[in-house]
Protein chains: 2
Amino acid sequence: MSRAEQKEKTRRAIINAAFQQLSADKSFASLSLREVAREAGIAPTSFYRHFSDMDELGLTLVDEAGLMLRQLMRQARQRIVHNRSVIQTSVETFMEFIMQHSNVFRLLLRERSGTSAAFRSAVAREIQHFCAELADYLRKENKSTAEMALIQAEAMVILVFHAGADALDASDEVRQRITTKTIQQLRWLAGGSKPPAV
Amino acid sequence: MSRAEQKEKTRRAIINAAFQQLSADKSFASLSLREVAREAGIAPTSFYRHFSDMDELGLTLVDEAGLMLRQLMRQARQRIVHNRSVIQTSVETFMEFIMQHSNVFRLLLRERSGTSAAFRSAVAREIQHFCAELADYLRKENKSTAEMALIQAEAMVILVFHAGADALDASDEVRQRITTKTIQQLRWLAGGSKPPAV
DNA sequence: ACATTGGGCGTACATTTGTAAGCTGAAAAT
DNA sequence: ATTTTCAGCTTACAAATGTACGCCCAATGT
């Protein structure tokens, strides 16, 4: 195995170890360099060969999470075309998605209002991007102004994200109720700029 | 000074020390028993005379935050009577409030999706209470069903809280923009159940 | 063929943490 | 007046953490 390959492999091992350890009871802040190194199967000091400190690793994780969000957006769009209600399809896709990538999602949720300014702005950037894409869609669909579409999109994203946070630790049944509730909330928002086609 | 008085006094000192240390860069989880004790002006081990561990202190803080929320709700209601738009008055009151009690608010925001299950449910309970009161108000005002009123109230609270989080670290000017944006979002939500009186 | 590079390791150290054990002195109870 | 209680202190220790330093050796460069 080439040296570059090997290095990339350990780097992935570190990143995966970090994601692995993120859970309902463990935030990134409560992760220690040594713990991550242990899980990745390397010596603590080897960590520095890849990241200068935990913060740098954290920002990398946020970047990865951003990629996931874009992937989610694409997936939702694909399903929309040949299906029923846009809102329902989107929320359901979102819920499926976060269940599959719960740790990624948890990271975004927590660091959005976390203790590191660098993290907060990194997460804010990813979510902004997400909102902007949604706003663009809404603007075309509803022929509203760009400003209004963005405000609307932001509200929608906040509600869906929050619903996701609740859904993460809930039973299937409760999650279904949360989904229904969220759909209702989004419809009110959508109805504000356009007569509702309930 | 009586013994009971003295004890209560140091207990307050501990609680205040904890709130004091909470800031944009310091979450409750990153607070150490020793730090709090230091700030409170007592020896580390004296802490145990008042709380069995940091978690117990944390739950006390959440309770205090709950009191604040109820106080906020009363304050908003008082202002509503003799003023202009209900939504505008409420959001503005909320914004004033969180600026005055930013650390209390930050605690609620963070522990809502924090790492301790006990904290999460404690915060959830306080926010539920807040939502229920608002829902009651909405139900009477709009003659909607109790269920719909609650779903609506929850959406509103989420949006306002989130706006508060953003506003905390923003400049006065940005905060004003956030306020306007939030008012717009709430109007869409309110309009869903009743024709809007913009 | 030889020299350089760099990822990974082991050792080491200063800090910080939670908390156990036991003492002290003043308030409260007898 | 004597005893009991108990908030607060000092001392002590084990565990965990971040990270500096230097060695090793296989992949790479010459």
Search result, residues across the range B:17-35 that are within 14 Å of chain A (Cβ to nearest Cβ), free of Cβ contacts under 8 Å to residues at least 40 places away in the same chain and aliphatic (A, V, I, L, M)
B:L31
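Residue by residue through the range B:36-58, note down the ones that are within 9 Å of DNA strand C (Cβ to nearest atom) and within 14 Å of chain A (Cβ to nearest Cβ).
The answer is B:M54, and nothing else.
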Under 7 Å between Cβ atoms, which residue pairs at least 6 apart in sequence (or on different chains) link something in the range B:1-16 that is in a helix (DSSP H, G or I) with a partner that is near DNA strand D (Cβ under 8 Å from one of its atoms)?
B:T10/B:I42; B:T10/B:H50; B:R11/B:H50; B:A13/B:G41; B:I14/B:H50
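Check the range B:16-37 and report whether any residue there is within 23 Å of the chain's Cα centre (by Cα), of a type in the set (D, E) and exposed (fewer than 13 other Cβ atoms within 10 Å of the Cβ). So that I can check it myself, show each step before the final result.
First pass over the range B:16-37, keeping only residues within 23 Å of the chain's Cα centre (by Cα): B:16-32, B:36.
From what is left, the residues that are of a type in the set (D, E) are B:25.
Keeping just the survivors that are exposed (fewer than 13 other Cβ atoms within 10 Å of the Cβ) gives B:25.
So far as the range B:16-37 goes, yes, one or more of its residues are within 23 Å of the chain's Cα centre (by Cα), of a type in the set (D, E) and exposed (fewer than 13 other Cβ atoms within 10 Å of the Cβ).
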Of all residues in the range A:20-38, count the ones that are closer than 18 Å to A:S52 by Cα and of a type outside the set (S, T, N, Q).
9
Restricting the search to the range A:1-16, which residues are more than 10 Å from DNA strand C (Cβ to nearest atom) and either closer than 17 Å to A:L107 by Cα or within 14 Å of chain B (Cβ to nearest Cβ) (or both)?
A:I15, A:N16
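Quick grid of which residues meet (1) in contact with a Phe, Trp or Tyr (Cβ under 7 Å, 6 or more places away or on another chain); (2) free of Cβ contacts under 8 Å to residues at least 40 places away in the same chain; (3) assigned to a helix (DSSP H, G or I); (4) within 11 Å of chain B (Cβ to nearest Cβ):
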{"residue": "A:E126", "(1), (2), (3), (4)": "no, no, yes, no"}
{"residue": "A:F130", "(1), (2), (3), (4)": "no, no, yes, no"}
{"residue": "A:A135", "(1), (2), (3), (4)": "no, yes, yes, no"}
{"residue": "A:R187", "(1), (2), (3), (4)": "no, no, yes, yes"}
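Here is a list: B:S144, B:S113. Which entry is at pLDDT below 95, outside the structural domain of B:S27 (by TED's automatic domain parsing) and within 18 Å of A:Q185 (Cα to Cα)?
Details: B:S113 fails: within 18 Å of A:Q185 (Cα to Cα).
The match here is B:S144.
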Within the bounds of the range A:177-184, is there any residue that is part of a helix (DSSP H, G or I), modelled with pLDDT under 95 and not acidic (D, E)?
no
Give the range B:45-90 a look and list any residue that's out of contact with any helix residue (DSSP H, G or I) (no Cβ under 6 Å at 6 or more places or on another chain), free of Cβ contacts under 8 Å to residues at least 40 places away in the same chain and more than 28 Å from B:R187 (Cβ to Cβ), or say none.
B:T45, B:S46, B:Y48, B:S52, B:D53, B:E56, B:L67
Can you name the condition, by its number, that A:I98 falls short on among (1) within 14 Å of chain B (Cβ to nearest Cβ); (2) without any contact (Cβ under 8 Å) to a residue 60 or more places away in the chain; (3) of a type in the set (A, V, I, L, M)?
(2)
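Within 16 Å of DNA strand C (Cβ to nearest atom) and farther than 18 Å from A:T115 by Cα: which single residue out of B:L22, B:L67, B:L72, B:L33 fits that description? I'd like the intermediate steps shown before the answer.
Working: B:L22 fails: farther than 18 Å from A:T115 by Cα; B:L67 fails: within 16 Å of DNA strand C (Cβ to nearest atom); B:L72 fails: within 16 Å of DNA strand C (Cβ to nearest atom).
When all the criteria are applied, what remains is B:L33.
Do we find that A:R139 is farther than 26 Å from B:R177 by Cβ and in a helix (DSSP H, G or I) in this structure? Give the derivation first.
Details: farther than 26 Å from B:R177 by Cβ: no; in a helix (DSSP H, G or I): yes.
No.
Suppose the filter is modelled with pLDDT under 95 and within 11 Å of chain B (Cβ to nearest Cβ); does A:A153 pass it? Talk me through it step by step, then tell me what you get.
On the way: modelled with pLDDT under 95: no; within 11 Å of chain B (Cβ to nearest Cβ): yes.
Judged against the criteria, A:A153 is not a match.
With respect to B:V160, determine if the residue is of a type in the set (V, I, T) and within 11 Å of chain A (Cβ to nearest Cβ).
Values: of a type in the set (V, I, T): yes; within 11 Å of chain A (Cβ to nearest Cβ): yes.
When the stated conditions are applied, B:V160 passes them.
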Which is within 12 Å of DNA strand D (Cβ to nearest atom), under 22 Å from B:V123 (Cβ atoms) and among the aromatic types (F, W, Y), of B:F19, B:F51?
B:F51
Just checking, how many residues over the range B:54-75 are buried (at least 20 other Cβ atoms within 10 Å of the Cβ) and touching a Ser or Thr at 6+ places or on another chain (Cβ under 9 Å)?
2
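The values are calculated or read from the model by the stated rules, or taken from the named source; none is laboratory data. Nothing here was measured: the structure is a model prediction, and the numbers come from that model. Reconstructed Cβ throughout: ideal geometry from the backbone, glycine too, with neighbour counts over all protein chains shown.
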